[in-house]
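Encoded as structure tokens, the structure appears first; notes follow it.
What follows draws every value from the coordinates through simple rules; no lab data is involved. These numbers were taken from a predicted model, which means no experiment stands behind them.
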Amino acid sequence: MVRVRLSRGGGKKRPYYHIVVVDQKSKRDGKCIERIGSYDPNVENEKRITLKQDRLEHWLNQGAQMSDRVKLLQKYSLDPDNLEKRQKIKNLLLEKNRVKKQKANEAEEAPAEEAKAEEAPAEEAKAEEAPAEKNSSEDQKT
């Protein structure tokens, strides 16, 4: 059976992968039938994945199976729609994190405000009692 999978290249701790069509029984870095793309995880821009979509479709029509990693790479290849979707997802995640932090800060402030609110009525009650006592003592004098 023919598979579309990754073949590792590059140096130690500097991986570089070729997306290749190989016989299922061959070694990971063994002889390939065709190279149809590459993946460089060390690059931080859109050029990290290159994939010949037409050749991939050709091999899939011939009965080739894709590995899970290649499916992910195909999903996030250089289609403009995928780039926009990834950017929207990233923005949504950032917004969710910001809201969570804001709620956590509010939750921390709420007990402090409640403690202040509990102290304030107690002080007001003392203030109200004191004049009442003075008035009662004044009433007794007259």
Taking amide H positions as placed in the peptide plane 1.01 Å from N, state which residues far from Asp29 in sequence (5 or more) or on other chains have amide H under 5 Å from it.
none
Considering the alpha-carbon set of the range 2-78 alone, what are its Rg and its Dmax in angstrom?
12.0, 36
Name the long-range amide H neighbours of Gly9: under 5 Å, sequence gap of 5 or more, or other chain; modelled H, no Pro or chain starts.
Tyr16, Tyr17, His18
